[in-house]
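Note sheet for the following structure.
The values are calculated or read from the model by the stated rules, or taken from the named source; none is laboratory data. Because the structure is predicted, anything quoted here is derived from the model rather than measured. Methodologically, a virtual Cβ is constructed for each residue, glycine included, from the backbone with ideal geometry; neighbour enumeration extends over all protein chains shown. When the accessible area is computed, the model is the full protein with side chains, heavy atoms only, and any ligands, DNA or RNA have been set aside. Shrake-Rupley method; radii C 1.70, N 1.55, O 1.52, S 1.80 Å.
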Amino acid sequence: MSDSALQNRRILLIIGGGIAAYKCLELIRRLRDKGARVRTILTEAGAQFVTPLSVGTLTGEPVFQSLFDLTREAEIGHIELSRDADLLVVAPATADLMAKMANGLTGDLATTTLLATDKPVLIAPAMNVRMWAHRATQRNLEQLMADGVEIVGPNEGPMACNEYGFVRMAEPAEILAAIEQHFSENAFKGELPLKGIKALVTSGPTHEPIDPVRYLANRSSGKQGYAIATALARLGAETVLVSGPTNLPPPPGVTVKNVETAREMLAACEASLPVDVAVCAAAVADWRVDVDATQKIKKEAGAKAPDLRLIENPDILATISKLTANRPPLVVGFAAETEKVVEHAVAKRARKGCDWIVANDVSPETGVMGGELNTVHLITRDGQEDWPLLPKQAVAERLARRILAHFTNKDKNA
Ligand code: CTP
C-alpha cells in the first residue's frame, strides 16, 4: 500500500485510560510520518498514563481534555473536532469507553464527541481478560459492530496485570495498518470490494428423519454461518446461504436456500456452483438412519425399541473440495476441536482437501462462554494465524476481510 493512503488524512485520536495508552505515542509518530494530521482528545483517565505535554509535542497540536474548557470550546468545539476529522480512533478502548459508546452515554469530551460524530470510528480495545470476556462487554462489542464501528485487535498475550489474556491492545503498527486499510477500502469510491465475487455459505444443523415426525439433529444455532454470509454480502459478494433449520431471520442481501437433510444440503450447494468461494460452516449430521419410515413408528404394547441403523452422510466440504469440475478456487472449512486444536485442524484440512480451515478452540480452558465467543486459528497452506477471543460476528467479519485480501492479492499477482 502506498504511503499516500494517509497523506493529509485527519485523524482524531481519543486516548482512553489504560496502560496501553503509552503505545499511542508511537502511533502518533507513525501516523505523522505517513503524512496524517493527528488531533487528540486525552481522557482524564488517559492523562494518568500519558502526559498532555508528550502527546501535544508529538502531534504538534493542542491536546483537548475538557468539555468545558471555554476558551478552547470557543476556538474549536467538540462538534468541530469531529467535523474536522476523517476518522476517529479510540485507543485504548477501555471497557468503560466501549460501554458508554454502545449505550450513547456522554459525560466528558471524549464520549460527547463520540456521540456527536457522524464520522467512521475505529476502536482498539484493551482491558483485563475477565472484563473482556464478561457478557456485558461482549454485548457492547456486538452492539458497536452492529453500529458499524471498526475494530482492531485485541491481541493475545501476557497483560500488565500478570493475568494471561487475549486483550492486549493491538500494536501501533497494527493500528496503523487498520487505519490504512480503512482509507484504502474507502478508496473503492462507493464500490463494494467483493463485487463480482460469488460466495456460497453452508450453515446450521441438518435434520435427519427417523420417520415423518422424528429426526436426528444437533444443537447448532447457525449463527456463525449467517454472520459470515452477512459479512460477505456487506462487502459486495453475491452470496448464497444454504441453511439447515434455524430460528434466524434471512440476512439482508443474501439468497437463502432452506434445506433439512445433509443430502438436500449437498444438492443445494452443487446447484449453486460455480462460485469463487465456498465457506462450509454447517454442522452437518455425520450419520442418517438407513431407511426412514414413511409412517410414524408406533410404540406397540410390549414391543422393543426400534433398532436404528445409521449410515454415513455425504461430507459436503470434502465433496466440494474434491470436485474436478466447478471446484471453487477457495474452499474454507470449519473445525471445532477440544484438544490439539491446530494439529487436528491441519490434519482435517488435508483430509477434506479444502484450502483454509477455521479451527475453533472449544476446550473449557479458553473461557468460551455459552458458545458466544470463539478462539480461532486460521490454517492455510502457508501456515497458521492465531486470532484473539472474539464473538462470532467478529470472526465472520475478520474472515470476510481475509477472503477479500486473498482475492485482492491474487488480482495483484495476476
Ligand atoms: N462437514 C460437511 N459435511 C459433513 C461433515 C462436516 O460439510 N457431513 C464440514 C463442516 O461444515 C465443517 C467441516 O466439515 O466445515 C468439519 O466438520 P467437523 O464436524 O469438525 O468434522 P468431522 O468431519 O465431523 O470430523 P470430527 O467430528 O471427527 O472432528
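Can you tell me which residue within segment 75-95, out of those that are free of Cβ contacts under 8 Å to residues at least 40 places away in the same chain and open to solvent by 30 Å² or more (accessible area, probe 1.4 Å), is farthest from Gly18 (Cα to Cα)?
Step by step, filter segment 75-95, then rank; the result is Glu75.
Residues Lys340, Lys298, Lys348, Lys304: which one is among the charged types (D, E, K, R) and at pLDDT 95 or above? Steps first, answer last, please.
Working: Lys340 fails: at pLDDT 95 or above; Lys298 fails: at pLDDT 95 or above; Lys304 fails: at pLDDT 95 or above.
From the options Lys340, Lys298, Lys348, Lys304, the qualifying one is Lys348.
This table checks each residue for (1) near the ligand (Cβ under 10 Å from one of its atoms); (2) not assigned by TED's automatic domain parsing to the domain that holds Leu399.
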site	(1), (2)
Ala231	no, no
Gly236	no, no
Cys269	yes, no
Val275	no, no
Ala285	yes, no
Lys298	no, yes
Arg309	no, no
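Determine whether segment 269-281 contains at least one residue that is surrounded by 22 or more Cβ atoms within 10 Å (Cβ to Cβ) and assigned to a loop (DSSP other than H, G, I, E, B).
Yes, some residue in segment 269-281 is surrounded by 22 or more Cβ atoms within 10 Å (Cβ to Cβ) and assigned to a loop (DSSP other than H, G, I, E, B).
Go through segment 4-31 and count every residue that is open to solvent by 10 Å² or more (accessible area, probe 1.4 Å) and not in a helix (DSSP H, G or I).
6
Restricting attention to segment 351-368, which residues are within 11 Å of the ligand (Cβ to nearest atom), under 17 Å from Glu385 (Cα atoms) and either modelled with pLDDT under 75 or not in a loop (DSSP other than H, G, I, E, B) (or both)?
Within segment 351-368, Trp356, Ile357, Val358, Ala359, Asn360 meet the criteria.
For the condition open to solvent by 70 Å² or more (accessible area, probe 1.4 Å) and modelled with pLDDT under 80, what is the one hit in Asn409, Asn326?
Criteria check complete, one pass: Asn409.
Does segment 32-43 hold any residues that are closer than 13 Å to Pro92 by Cα and open to solvent by 10 Å² or more (accessible area, probe 1.4 Å), and which are they?
Listed by number, the list holds a single entry, Thr43.
Within segment 311-336, which residues are more than 9 Å from the ligand (Cβ to nearest atom) and assigned to a loop (DSSP other than H, G, I, E, B)?
Lys322, Leu323, Thr324, Ala325, Asn326, Arg327, Pro328, Pro329 - these are the residues of segment 311-336 that are more than 9 Å from the ligand (Cβ to nearest atom) and assigned to a loop (DSSP other than H, G, I, E, B).
Out of everything in segment 337-350 that is assigned to a helix (DSSP H, G or I) and open to solvent by less than 60 Å² (accessible area, probe 1.4 Å), what residue ends up being nearest to the ligand (Cβ to nearest atom)?
The selected residue is Lys348.
Going by the structure shown, is Lys304 open to solvent by 40 Å² or more (accessible area, probe 1.4 Å), away from the ligand (no atom under 15 Å from the Cβ) and basic (Lys, Arg)?
yes
Given the conditions (1) surrounded by fewer than 18 Cβ atoms within 10 Å (Cβ to Cβ); (2) within 12 Å of the ligand (Cβ to nearest atom), report the number of the one that Pro249 does not fulfil.
Only one criterion in (1) surrounded by fewer than 18 Cβ atoms within 10 Å (Cβ to Cβ); (2) within 12 Å of the ligand (Cβ to nearest atom) is unmet by Pro249, namely (2).
Here are some conditions: (1) in contact with a Lys or Arg (Cβ under 8 Å, 6 or more places away or on another chain); (2) more than 21 Å from Ala282 (Cβ to Cβ). Leu216 meets all but one. Which one does it not meet?
(2)
Could you please tell me which pairs satisfy a Cβ distance under 9 Å, a separation of 6+ or placement on different chains, a first residue in segment 279-294 that is more than 14 Å from Leu241 (Cα to Cα), and a second residue that is of a type in the set (Val, Ile, Thr) and more than 16 Å from the ligand (Cβ to nearest atom)?
Pairs that qualify, where the first residue is more than 14 Å from Leu241 (Cα to Cα) and the partner is of a type in the set (Val, Ile, Thr) and more than 16 Å from the ligand (Cβ to nearest atom), are Val289/Ile210; Asp292/Ile210; Ala293/Ile210.
Contact list please: Cβ distance under 8 Å, first residue in segment 344-358 and assigned by TED's automatic domain parsing to the domain that holds Leu378, second residue within 8 Å of the ligand (Cβ to nearest atom) and among the aromatic types (Phe, Trp, Tyr), pairs at least six apart or on different chains.
Partner pairs satisfying both residue conditions: Ile357/Phe334; Val358/Phe334.
List every residue pair whose Cβ atoms sit under 6 Å apart, with the two residues 6 or more apart in sequence or on different chains, where the first one lies in segment 245-274 and is touching a residue at least 12 places away in the same chain (Cβ under 8 Å) and the second, anywhere, is open to solvent by less than 40 Å² (accessible area, probe 1.4 Å) and more than 16 Å from the ligand (Cβ to nearest atom).
Short answer, once both residue conditions are applied: Pro251/Thr230; Gly253/Ala233; Val254/Ala233; Val254/Thr239.
Starting from segment 213-237, keep only residues that are closer than 29 Å to Pro193 by Cβ, then list their pairs with residues that are part of a strand (DSSP E or B) and modelled with pLDDT under 95 whose Cβ atoms are within a distance under 8 Å, requiring at least 6 positions of separation or different chains.
What qualifies is Gln224/Asn374.
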